[in-house]
Each structure stands twice: as structure tokens, then as C-alpha cells.
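Just below is one structure, and these are the notes that go with it.
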Amino acid sequence: MAEFGPSSLASYLIVAGILFAAGVLAIATRRNAIGVLIGLELMFNAAALQFTAYGRFRAGAPDPQGQIAAVFVVVAAAAEAAVALALLFAVYRTSKDVDLEATRELRS
Amino acid sequence: MIETLLFAGCALCAIAGALGAALVKNLFHAALLLGLALVGTAGLYLFLEAQWLACVQVVVYVGGILVLILFATLFSADILGAVQRAPWSVRMAGWLGAVLAGGVAWRLVQVVLAEARHLDRTRSAPGVADPLTTSGGAAAGNVLLSSWFVPFLATGLLLTVALVAAVATVQRFRRPANGGSEAIRG
């Protein structure tokens, strides 16, 4: 097993894996839509970290395209957050209740 | 040695922040812990010689998205700790989610270790190539404006469409109307 440290690929990938799993956990367990959004951001973040780590440790020479992919992930996350929060805002405005939990419980 | 300690600190920030954001009951605290995870990841980017990406991470994620999420938590009634009673079915779903996430984490770590063992044999030592031309902000900018130029423009278009859509969504549901929430349910 590769040793833990800044110069081993495995340590970055393990951190990214744990971030991704935490995102899955948040999405699967949160009842509030904002909690689900937080989980989504964690998963996006894990993906960007993986891209960058693989680009840095590419066989031969470091490859900046990993960073480019990570930037695209960040942009996608920003667009997703904007749209999701607009939807949340619309739900709050129309249901006359600021609590999304209450909105959900009224529905069922 | 000091490098390893700093790296461990960043990794610990990222992991602790992520687990806390997933597990803490208080939504406001969860959003703050998400910020900790994002800052820890930015530190990891510094170790990957992606200083520019670390700046982007702090400015866009922590400065933009996290502030948006913190703002959105203020809509929630129970931000300051009044924890809601979860019914039995939801708690069961929570345990199922924990098992699922544990399985995902276990499998990812297995795959990653096998992969890294393979890659460690083939990659060159870090820092061999000239960092100014093969990694870092200058190289990333060159690649972004040459072979990734069209996706870069498409990204700008995506952001514009997303922001216009966000504004349009809010405008459309601005006035409470009968059955207005029906449209959003799907």
C-alpha cells in the first residue's frame, strides 16, 4: 500500500472517496432539500478532487487537463446551486411557509 | 515531514467537514461544516500544484455557493437547533442511507488502492517536469484557451442560461396563487 502523504495518489483518492460517500449519506438521509443540496456539493467536490489528482499523477508528466475538468465541475456546481436555490425560493414563496419540511408533510 | 503534517491537516479538515455536513442535525452547522470541507479541499489542491484551482475553489465555492446555501438555510424554521422528530420510516431510511454510504466508501477505497498501486509503478516522480509549463495556472490557462476553448464558451452559455432560468423561476412563482405549488412538485 502506498504511504499516506502529499506525494502518493492513493491518499488524495481516499479523501475523495470519503467525501463522495459523505455526499451519498447526506443525500440519502436528509429530509430537507438544503441538506440534499449540501450532499450534492460534496459529491461534486469529490469528483473535482479526483480529476485534479489523476491529472497531477499522470504517468509521464503532469497534465493540466485534470484541473480544467475540475474547473468545469465547479462551474456545473455553481449553475446547479443557482437553479436549485431558485426552485427552493419558489417553493417557499408559494407555500407561504418557510419550512420545506412542513411543505413536504402537507403534501403527503 | 512538515509537508506531510500539513497534508494530513487538510485531509482531516476535508473529511471531518464532509462527515459533519452529512451527519449534523442543525442545518446551519451543516452548511458551515461544508465550508470546512471545501477549504480543506482547496488546501489539497495546493499540494497538487493547482494553486489557481485552489483560488477558484475558495472564491466560487466558499465565497459564492456556500453563502447562497447559508442564505437558504435562513428559510428553514429550525436553524438554531430545534431538531425535528423524525418518524420511524425516515429513521429507517437514514440507517439504509448510512449502510449505502458505507458500502460506497468501502468499495471506492478498495478500487482506489488497487488503482494507485498500479499507477505508482508507472508514474514519474512528482516535480520532475518544469512546473511553470506543465502544471499550474499558466499551463491550465493555455490548455483552456486552446483545446478546451469551445467547452469553455459552452460553459459561459450554460451559466447564462442557468442564471436566467433561476430568475425566471423566481419571477414566475413570486405571487402566491392557488395551486401554484402544484407546478413544482414534479
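Remark: spin-label model distance A:Phe4-B:Val170 equals 4.3 nm, labels positioned 7 Å along the Cα→Cβ axis. Taken one residue at a time, the phi angles of segment B:47-60 give Karplus couplings (6.51, -1.76, 1.60, θ = phi - 60°) of 5, 8, 6, 10, 4, 4, 5, 4, 4, 4, 4, 5, 6, 7 Hz. Gly and Pro are set to x. Once the Cβ-Cβ distance of A:Ala61 and B:Ala8 is raised to the sixth power relative to R0 = 35 Å, the FRET efficiency obtained is 0.85. Chain A packed on chain B takes about 7500 Å² of accessible surface away from a 1.4 Å probe, both sides summed. Approximating the spin labels as points 7 Å out from Cα along Cα→Cβ, the B:Leu145-to-B:Val62 distance works out to 2.8 nm. Highest mean first, the peptides B:105-113, B:45-53 sorted by other C-beta atoms within 10 Å per residue fall in the order B:45-53, B:105-113.
Qualifying chymotrypsin sites (Phe, Trp or Tyr not before Pro) in segment A:1-41, where qualification requires a DSSP coil assignment and no more than 15 other C-beta atoms within 10 Å, comprise A:Phe4. Compared with the alpha-carbon gap, the fully stretched path from B:His29 to B:Ala16 is longer by 3.4 nm at 0.36 nm per residue. Once fully extended, how much extra length lies between B:Leu113 and B:Ala93, figured as 0.36 nm per residue of separation less the alpha-carbon to alpha-carbon distance? Using 0.36 nm per residue and subtracting the Cα-Cα distance, I get 4.2 nm. Based on Cα atoms of segment A:9-95, Rg over Rh with Rh as the Kirkwood radius reads 1.11.
The values are calculated or read from the model by the stated rules, or taken from the named source; none is laboratory data. Please read all numbers here as calculations on a predicted model, not as lab measurements. Ideal geometry is used to build each Cβ from the backbone, glycine not excepted, and the neighbour counts take in all protein chains shown. Accessible surface is based on the protein model in full, side chains and every heavy atom, while ligands, DNA and RNA are left aside. Shrake-Rupley method; radii C 1.70, N 1.55, O 1.52, S 1.80 Å.
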